[in-house]
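Single-structure report; data block below.
The numbers here are math on the coordinates, done by the rules we state, and not lab data. Everything numeric here is computed off the predicted structure, so don't read it as measured data. Methodologically, a virtual Cβ is constructed for each residue, glycine included, from the backbone with ideal geometry; neighbour enumeration extends over all protein chains shown.
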Amino acid sequence: MADIALAPEKAKPKLREATSWDQLKHNKNWLGIWFMLPAMAFLVLFLAYPLGLGIWLSFTDTKIGRVGQFIAFENYEWLWDDGIFWLSIFNTLLYTFLASAIKFAIGLYLALLLNENMPFKAMLRAMVLVPFIVPTVLSALAFWWIFDSQFSIISWSLRHLGLISQNINFLGDTTWARVCVIFANIWRGVPFVAITLLAGLQTVSPSLYEAATLDGATRWQNFRYITYPLLTPIIAVVMTFSVLFTFTDFQLIWAMTRGGPVNATHLMATLSYQRAIIAGQLGEGAAISSAMIPFLLAAIMVSWFGLQRRKWQQGESND
Amino acid sequence: MTDLPASKVDLKTILATPARVDNSEGMSYLQSVPRRIVTLYIPLSIIVFILLFPFYWMALTSIKPDEQLIDLDTYSPFWTWNPTFKHFYKLLFESHYPHWLWNTMYVAVCATVLSIIASVLAAYAIVRLRYKGANLVGGLIFLAYLVPPSILFIPLATVVFQYGLFDSPMALILTYPTILIPFSTWLLMGYFKTIPFELEECALIDGASRWQILLKIVLPLAIPGLISAFIFCFTLCWNEFIYALTFLQSVSNKTVPVAIVNEFVDGDVYRWGSLMAGALAGSLPLVILYAFFVEHYVSAMTGAVKE
């Protein structure tokens with residue numbers, strides 16, 4: 001490219017030699033550095049540096065307002081014997097696994113339903129995405145109210161249907177609290193899964209289904225042998241994102257239960273906030289959030305192989 | 001390299017042409033009406049009802065008079081015949097709510113604009129300048145997208161404190177781009193790839209600099225992509241919680257999500273009305289924005305996943 005660009009420069013009436021400054025101005029690498037500078041500055045200063053700093057902090061006993069000493073693995077040893085920490089790992093895994101699996105199932109089902117021909121299709125799709133638009137904390141507050149121990153509309157309805165005799169203590173009982181936060185997470189995540197999978201579904205040519213139906217395929221076979229294989233790559237990516245964001249969820253829990261009752265809904269993110277910011281133990285909090293990294297790496301690996309597979313399926317060697 | 005844009009454009013047009021426009025009936029005639037009701041309309045309406053019910057409940061609660069809020073037996077809880085705007089009035093004139101709304105808007109707009117500028121430059125450089133190591137940098141930016149705020153907020157809090165940004169909107173304006181830049185760079189890379197390379201070659205031959213090409217050729221052609229990136233980033237900023245919760249302290253500096261959770265939650269049994277009014281008022285700007293730009297929003301969301 002550079003030599004094409006230089007040609008008119010030489011043909012100018014002035015017949016000036018291309019100075020080294022002119023050459024530099026058209027050097028791709030030189031220009032590239034300047035174009036990348038703003039983005040890189042942000043990402044290095046506020047992402048890469050803190051990421052490293054977080055791991056360093058987890059090896060120190062830093063507290064708010066006090067510079068810490070290097071104490072090697074003491075934070076981790078301390079956490080190893082901490083029942084609440086293990087409970088938060090268990091909660092996080094349970095939360096991530098259940099919420100992601102159900103989000104996937106309902107999301108795929110909803111995508112298949114929305115892919116059918118019906119009146120007001122565009123409007124329905126737009127409405128389905130609303131839970132994803134509204135800030136999580138604000139919808140979590142609505143759920144907090146819906147799951148209120150005294151004035152819950154669900155308890156009221158069930159009581160009037162004669163199914164229960166007294167109000168369910170939704171957010172006060174350990175099992176119910178877990179069910180409620182998982183439900184709220186699914187509620188928020190389903191639109192994302194459904195709409196992205198729907199975009200994938202729309203690229204599947206209807207003629208494939210027509211051909212299969214002529215050959216006598218049932219609806220289930222249509223799904224199993226056409227839709228599912230063609231959708232696998234996009235499912236891999238969507239689910240990686242879904243797992244990643246569910247695993248590191250903070251705001252939903254913080255707005256609804258703050259980790260309670262009896263730490264039953266404490267995720268690793270909420271526990272690290274509580275230890276680091278509220279209790280002031282920055283080092284210990286950093287150790288908890290650093291403990292999330294191995295899990296995240298595993299999720300990223302899945303995403304990576306999902307992407308690889310997709311390229312291979314589409315026969316694209318370069319992008 | 002030159003035949004690449006052509007094949008890309010082809011693919012895009014194929015994808016963009018809805019395959020069902022010409023045969024909108026499809027195979028749906030194979031299904032009888034009762035069957036469609038059972039397999040399609042009933043499950044769909046149940047799901048849509050569950051997805052939208054919390055908003056109905058939020059809106060209803062925010063206009064119910066106090067005594068109806070906690071008395072479910074005298075009045076039907078699902079409707080109210082004497083709506084009141086008391087809660088909204090309290091919100092707007094007896095609290096910092098307008099201030100919080102302004103803070104959120106200010107932070108979101110500034111952070112989004114900064115990120116879009118940085119991402120346009122980065123995406124253009126990665127896709128079109130193709131400097132040495134461009135692919136590697138592209139991959140790293142994708143990885144940055146996968147680093148969640150909840151493992152960064154503790155070290156970032158110390159960084160913010162060191163730079164003297166604690167408790168100022170600047171802390172958020174400078175940290176939000178770390179969430180937004182990876183996403184919007186990735187999205188814009190996809191858009192820039194679809195712009196024919198030949199256009200740029202013509203401009204280069206006519207003596208345009210890279211900067212002029214970017215401003216006068218690439219950006220005008222990528223406007224849909226820019227709108228998508230803008231809307232999505234704005235929504236992400238508005239939604240962000242953990243950084244705002246950690247970096248801001250004084251009541252008047254807070255953003256809407258943090259302020260509602262921290263300032264409105266007290267022991268008052270009647271708090272629900274103003275809490276829900278606050279939640280509703282905090283969501284409405286985004287919902288209105290979304291209503292105007294549904295297509296852009298969806299293409300941003302799906303584009304980021306597809307790329």
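For the reader, a short list of remarks on this structure follows.
- Working from Cα pairs under 8 Å separated by at least six residues, relative contact order for chain B is 29 percent.
- Neighbour-count order for B:Cys237, A:Cys180, B:Cys110, fewest beta carbons within 10 angstrom listed first: B:Cys110, A:Cys180, B:Cys237
- Calculated log₁₀ intensity ratio I(q)/I(0) where the Debye formula runs over C-alpha points of the protein assembly as shown, q = 0.08 Å⁻¹: -0.65
- GNM remark for chain B: springs join alpha carbons under 10 Å apart, and the peak mean-square fluctuation among B:Pro83, B:Pro149, B:Pro257 falls on B:Pro83.
- Dipole moment magnitude, nearest 20 debye, the stretch A:83-313 about Cα centre, only Lys, Arg, Asp, Glu C-beta charged: 220
- Dipole axis of chain A (+1 Lys, Arg; -1 Asp, Glu on Cβ), positive-most option in A:Ala105, A:Ile89, A:Gly260: A:Ala105
- Sparsely packed chymotrypsin sites (Phe, Trp or Tyr not before Pro) within the stretch B:187-296, loop by DSSP, other Cβ within 10 Å at most 14: B:Tyr270
- Mean Cα-pair separation over length for the stretch B:90-175, i.e. relative contact order, pairs under 8 Å, 6 or more apart, %: 38
- Counting, for every residue in A:25-35, the Cβ atoms of other protein chains within 10 Å of its Cβ and taking the mean gives 6.
- Exceedance of the 27 Å cut-off in Cα-Cα distance is limited, within the set A:Lys103/B:Lys90; A:Lys63/A:Lys103; B:Lys132/B:Lys193; A:Lys121/B:Lys86; A:Lys25/B:Lys132; A:Lys121/B:Lys193, to A:Lys103/B:Lys90; A:Lys63/A:Lys103; A:Lys121/B:Lys86; A:Lys121/B:Lys193.
- Measure of compaction for the stretch A:83-313 (Cα Rg per 2.2 N^0.38 Å): 1.18
- Order of B:Lys64, B:Lys132 - criterion: other Cβ atoms within 10 Å of each residue's Cβ, fewest first: B:Lys132, B:Lys64
- Among B:Thr84, A:Thr203, B:Ser62 - extreme Cα towards positive end, dipole of the protein assembly as shown, charges at beta-carbon: A:Thr203
- Highest-MSF residue in chain A out of A:Ile153, A:Ile164, A:Ile293 [GNM, Cα springs under 10 Å]: A:Ile164
- Dipole of the protein assembly as shown computed with +1 at Lys/Arg Cβ and -1 at Asp/Glu Cβ about the Cα centre; of B:Ala144, A:Asn29, A:Met123, farthest Cα towards the positive end is A:Asn29.
- Mean residue ellipticity at 222 nm, helices only, the protein assembly as shown: -21000 deg cm²/dmol; runs of at least 4 DSSP H residues each add -39,500 (n - 2.57), and the sum is divided by the number of residues.
- Put simply, the amide H of A:Thr60, placed in the peptide plane, has neighbours under 5 Å in A:Ile71, leaving out anything fewer than 5 places away on its chain.
- Footprinting exposure proxy for A:Met123, B:Met58, A:Met239 (fewest neighbouring C-beta atoms within 10 Å first): A:Met123, A:Met239, B:Met58
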